[in-house]
Amino acid sequence: MAKYLLGIDDGLTNSKAALFDLAGREVAVAARRYEVVNPEPTWVEGDAERLWQNTADCIQEVIAKSGVNPGDIAAIGFTGHGNGLYLVDEKGDLVRPGIGSQDARAVDIIEDYKKSGRYSEISAITLGQPYPGQPGPLLRWIKENEPVAYGRIAGVLMCKDLIRFKLTGELVSDLNDMSGNGLLDFRARTYSPRLMELYGVPEMYDKLPRLAAASHDIVGQVLPAAAKRTGLAPGTPCSAGMMDVAACAVGSGAIDPGVAAVVAGTWSINEVVTDEPVPNVIMNMHFALPGKVLVLEGSATSAINLEWFTNQLGGTAVLEAQKRGVSKFDIINEAVASLPPGGTDVIYHPFLGSPNVHPRGRAGFFNLAQGHTFADLARAVYEGITFIHKWHVDRLRAAGCEINKVRLSGGGAKSDVWSQMFADVLEVPVEVVAASEIGALGAALAAGVGAGIFPDYAAAFAEAVKIRATFQPNPAASSAYRRRYEEWLSLIDLMKQHWEK
């Protein structure tokens, strides 16, 4: 009898494989760093073949570390970063480097869509708001700037789909990912020739992968060559999977009314599960649970800022961590905690990626003075990231979504200091799930449903989702953060004049 589920989670910083038993306990986890590059300041690209090799190495390591019989793995679930673009030719070879979701090379194309009136029609079909890092505008950019590469395209894939293609040879995606990336007629639940015409790439309609009806559907099996590379058993069932934001909602069990899933990862992800799509939000996605909609507000503005801050300005924290034998993030958490809410007047705008507050918004520290310390900067970064989550959560509330509790995941959830800040800023209880690899767990649970291990998602949640800690909002801290947030918003309004130029 099968005893385990494997979840594969590929993002823009790491490839991960996590093996779970049927009670949702992590048996073994492996990760490999995925390096993205910036050929131009607003471009985000990566070696997609290296992404696959990293993933294969992770699978091998998980099997070796756990000592399990590969034949005891019931199914494999897939998740990965949403949007961006991965392209293969007729032979299955990669056409060009992969493009990340925070890539902004197509910002002028988005503005062209707006001026021509196509933006509103695209939005009406997709029930989302197009942005530069989505595959539609990226395909048009490649068509206009890389015509040779464009002519080779035989398959348009998302991140997780590329990895599953390498394992199974199947060009397939799912309703969740394709509705979240703007390639789907949301209400018709299928691709749209008209939509591809609006994007300016009508010839790409025939290059889109076949659609699985549900994220848990089994859509292929591990091929012998892929089994040899990874250590998996040939024929192991592979599910359709879902975008990482949906996998985190599944892995954290955040599906009840009034509960928001907040992911503090590369992106600021803030989402709720509803029965119907919601107007005037960034994204409506078909969800893993049949008949449900995942309503999302987000931008490439979250913990990616902490990684940049640590790499560029955190040398002292790195040295101190090495001296004390702890993580550099422990040192940064201590620095943040050394100042109370409202304890600094430094402000940080976390707009290293593609912000929704303005298409050309940029990151920046403000109000710096000679007496400010590393702690002031670190606290400003934590606050700035948490504030952009609040900005998105407030938009969800304004759209009619009830939010009275949050399930937090991503890098921010690993810090109790930051988790408490989320509770104080959002002014609701924040729950942190026990599992560390929430996205991989969500993908694995979906695969378990598809393979018949669980009769439905409710049974999977009851068995596998457990809460590690709950953080209650502190009224005094919330009051201080409200004042800071108003300053943060006011500065954004002033900066918009500069960004417009």
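The values are calculated or read from the model by the stated rules, or taken from the named source; none is laboratory data. Everything quoted here is computed from the prediction, not taken from an experiment. All Cβ positions, even for glycine, are placed from backbone atoms using ideal geometry, and neighbour counts span all protein chains on display. What goes into the accessible areas is simple: the full protein's heavy atoms, side chains included, and nothing from ligands, DNA or RNA. Shrake-Rupley method; radii C 1.70, N 1.55, O 1.52, S 1.80 Å.
Within the group W391, W418, which residue is open to solvent by 10 Å² or more (accessible area, probe 1.4 Å), within 16 Å of T301 (Cα to Cα), among the hydrophobic types (A, V, I, L, M, F, W, C) and part of a helix (DSSP H, G or I)? Walk me through how you get there before you give the answer.
Numbers: W418 fails: open to solvent by 10 Å² or more (accessible area, probe 1.4 Å).
Result: W391 is the single residue among W391, W418 that is open to solvent by 10 Å² or more (accessible area, probe 1.4 Å), within 16 Å of T301 (Cα to Cα), among the hydrophobic types (A, V, I, L, M, F, W, C) and part of a helix (DSSP H, G or I).
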Item to complete: Might you let me know whether the stretch 324-343 holds any residue that is closer than 30 Å to H498 by Cα and either open to solvent by 60 Å² or more (accessible area, probe 1.4 Å) or under 23 Å from the mean Cα position of the chain (by Cα) (or both)?
Response: no
Discussion item. Checking the condition out of contact with any Gly (no Cβ under 6 Å at 6 or more places or on another chain), of a type outside the set (D, E, K, R) and closer than 27 Å to Q134 by Cβ, which residue from L377, L313, L294, L339 passes?
Written reply: L294
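Could you tell me which residue of the stretch 186-204 is nearest to E276 (Cα to Cα), considering only residues that are surrounded by fewer than 17 Cβ atoms within 10 Å (Cβ to Cβ) and of a type outside the set (V, I, T)? Give the derivation first.
As a first pass, look at the stretch 186-204 and keep what is surrounded by fewer than 17 Cβ atoms within 10 Å (Cβ to Cβ): 187-190, 193-194, 197, 202-203.
Subsequent filtering for residues that are of a type outside the set (V, I, T) retains 187-189, 193-194, 197, 202-203.
Details: R187: 10, A188: 14, R189: 14, P193: 24, R194: 24, E197: 27, P202: 29, E203: 32 Å.
So the residue we want is R187.
Is there a residue being of a type in the set (S, T, Y) and either farther than 24 Å from I153 by Cα or part of a loop (DSSP other than H, G, I, E, B) (or both) anywhere in the stretch 194-209? Steps first, answer last, please.
Residues of the stretch 194-209 of a type in the set (S, T, Y): 199, 205.
In the following step, the residues that additionally are either farther than 24 Å from I153 by Cα or part of a loop (DSSP other than H, G, I, E, B) (or both) were identified as none.
Within the stretch 194-209 (the criterion being of a type in the set (S, T, Y) and either farther than 24 Å from I153 by Cα or part of a loop (DSSP other than H, G, I, E, B) (or both)), the answer is no, since none of the residues qualifies.
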Worksheet item: Quick one: in the stretch 404-415, which of the residues that are buried (at least 24 other Cβ atoms within 10 Å of the Cβ) and assigned to a helix (DSSP H, G or I) is modelled with the highest pLDDT?
Response: A413
Practice prompt. Only residues that are open to solvent by 10 Å² or more (accessible area, probe 1.4 Å) and of a type in the set (F, W, Y): list them for the stretch 1-39, please.
Written response: Y4
Worksheet item: For the stretch 431-480, how many residues are of a type outside the set (V, I, T), open to solvent by 30 Å² or more (accessible area, probe 1.4 Å) and not in a helix (DSSP H, G or I)?
Response: 11
Response to the item:
Being under 20 Å from the mean Cα position of the chain (by Cα), at positive phi and not hydrophobic (A, V, I, L, M, F, W, C) narrows G291, G265, G258, G253 down to just G253
Discussion item. Show the residue pairs meeting these rules: Cβ distance below 9 Å; 6+ apart or different chains; first residue within the stretch 358-375 and basic (K, R); second residue surrounded by 17 or more Cβ atoms within 10 Å (Cβ to Cβ).
Written reply: R360/A104; R360/V107; R362/H349; R362/F351; R362/L352; R362/P355; R362/M495
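Among I110, I153, which is at pLDDT 95 or above and within 30 Å of G7 (Cβ to Cβ)? Talk me through it step by step, then tell me what you get.
On the way: I110 fails: within 30 Å of G7 (Cβ to Cβ).
Step by step, each of I110, I153 is checked, and only I153 is at pLDDT 95 or above and within 30 Å of G7 (Cβ to Cβ).
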Practice prompt. Among the helices (runs of 4 or more DSSP H) lying completely within the stretch 57-154, list those that include at least 2 residues that are touching a residue at least 40 places away in the same chain (Cβ under 8 Å) and either buried (at least 22 other Cβ atoms within 10 Å of the Cβ) or not small (G, A, S) (or both).
Written response: 107-116, 118-126, 135-145
Worksheet item: Looking at the stretch 404-417, which of its residues are closer than 18 Å to W267 by Cβ and not hydroxyl-bearing (S, T, Y)?
Response: V406, R407, L408, G410, G411, G412, A413, K414
Worksheet item: Taking the stretch 293-323 as the search range and keeping residues that are in contact (Cβ under 8 Å) with a residue 24 or more places away in the chain and charged (D, E, K, R), which one is surrounded by the most Cβ atoms within 10 Å (Cβ to Cβ)?
Response: E297
Worksheet item: If you take the residues in the stretch 165-185 that are out of contact with any strand residue (DSSP E or B) (no Cβ under 6 Å at 6 or more places or on another chain), open to solvent by 10 Å² or more (accessible area, probe 1.4 Å) and not charged (D, E, K, R), which one is nearest to D275 (Cα to Cα)?
Response: F165
Discussion item. Return the pair list, or none, for Cβ contacts closer than 8 Å from residues in the stretch 180-203 that are free of Cβ contacts under 8 Å to residues at least 24 places away in the same chain to residues that are surrounded by fewer than 21 Cβ atoms within 10 Å (Cβ to Cβ) and assigned to a loop (DSSP other than H, G, I, E, B), at least 6 apart or on different chains.
Written reply: Y191/L208
Item to complete: Assess whether R397 counts as being in contact with a strand residue (DSSP E or B) (Cβ under 9 Å, 6 or more places away or on another chain) and either in a helix (DSSP H, G or I) or touching a residue at least 12 places away in the same chain (Cβ under 8 Å) (or both).
Response: no
Worksheet item: Applying the selection to the stretch 21-52, what residues are more than 21 Å from the chain's Cα centre (by Cα) and either closer than 26 Å to G169 by Cβ or among the hydrophobic types (A, V, I, L, M, F, W, C) (or both)?
Response: L22, A23, V27, A28
Worksheet item: What is the one condition in (1) under 17 Å from M243 (Cβ atoms); (2) open to solvent by less than 10 Å² (accessible area, probe 1.4 Å); (3) touching a helix residue (DSSP H, G or I) at 6+ places or on another chain (Cβ under 7 Å) that G265 does not satisfy?
Response: (2)
